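Chemist: Handing you a structure now.
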Amino acid sequence: MVALVVACVGGAALSSTFDSRGPVGAQPAPVSAPRPPSALAALASAVSAPPESPEPVSSEGTRIDDLPPARMEEPSGKTATLAPVRRNGSDVELEDELAIIDAARAALAAKRPEATLAKVEAYRRRFRGGQFNEEADVLEIQALVAMGRRDEANAKGQRFFASHPDSAYKRRAQSALGFDVTR
C-alpha cells in the first residue's frame, strides 16, 4: 500500500514538472494560482499521517510525560547525574563522601598516587568516621605502594588487618602489599 502511494505521489510530482515546462520549444506556461490539492495528494497525506489516538494512561493515572527525565550524556562524555527528589542532609553527605572516594579511585587508576593520597587525606579531614573509611585505608595503602613507600604501606596494612579482620577490602589490601591472596 505504501509503495502504491509513493509511486502515485512520485508520478504526480513528475507530471507537474512536465506540465510546467511543456514540450520542447514551447513557450513556458504562465504562472497561475496554485491548484487545489488533488485527490491523490490527499490520499498520500492521509496514508502517511499517523492515526490520532488519545495518549495512553496507566491504570494509576500516570502519564509517560509525568515521569522524571532519564540521565543524559553531556558533550564532555560524562553522564549528568540528576539530583534526588528529596535531598536531606544524610543524602547530600553520602554523595559528597562517595564523590571524594571516587576521585581518589580515579587518581589511582590514572597512576597519580600523590593525588590519591591528597584525596584520601581530604576525605579523612571532612568525614571522620565516614561510610567509606575502610576503602580510604586501602586506597592509601595502594597509593603508598605505587609511590615506593613500602614500609609505610606495610605498617598501614598491619593496622588495617588488626582493626578490620573481616573487611571486604582485606584481599585488595593484601594484593597491594604482595601477599598471596589465592586462598
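Readers should treat all values here as calculations from the given coordinates under stated rules, not as data from a laboratory. Since we're looking at a predicted model, the values are computed, not measured. In this analysis, Cβ positions are derived from the backbone assuming ideal geometry, glycine residues included, and neighbour counts consider all displayed protein chains.
Chemist: What do you get when you divide the Cα radius of gyration of segment 92-177 by 2.2 N^0.38 Å, with N the number of residues?
Modeler: 1.01
Chemist: Sticking with this one: With a Förster radius of 25 Å, plug the Cβ-Cβ distance of F161 and E114 into 1/(1 + (r/R0)^6) and report the FRET value to the nearest 0.05.
Modeler: 0.50
Chemist: Can you list the HN-Hα couplings for segment 170-175, worked out from phi with the Karplus curve (6.51, -1.76, 1.60; θ = phi - 60°), rounded to whole Hz and with x for Gly and Pro?
Modeler: 4, 5, 5, 5, 4, 4
Chemist: Expected output is a single nm value to one decimal: the length gained when fully extending between R105 and N154, i.e. 0.36 nm times separation in residues minus the C-alpha distance. What is it?
Modeler: Full extension from R105 to N154 adds 15.7 nm.
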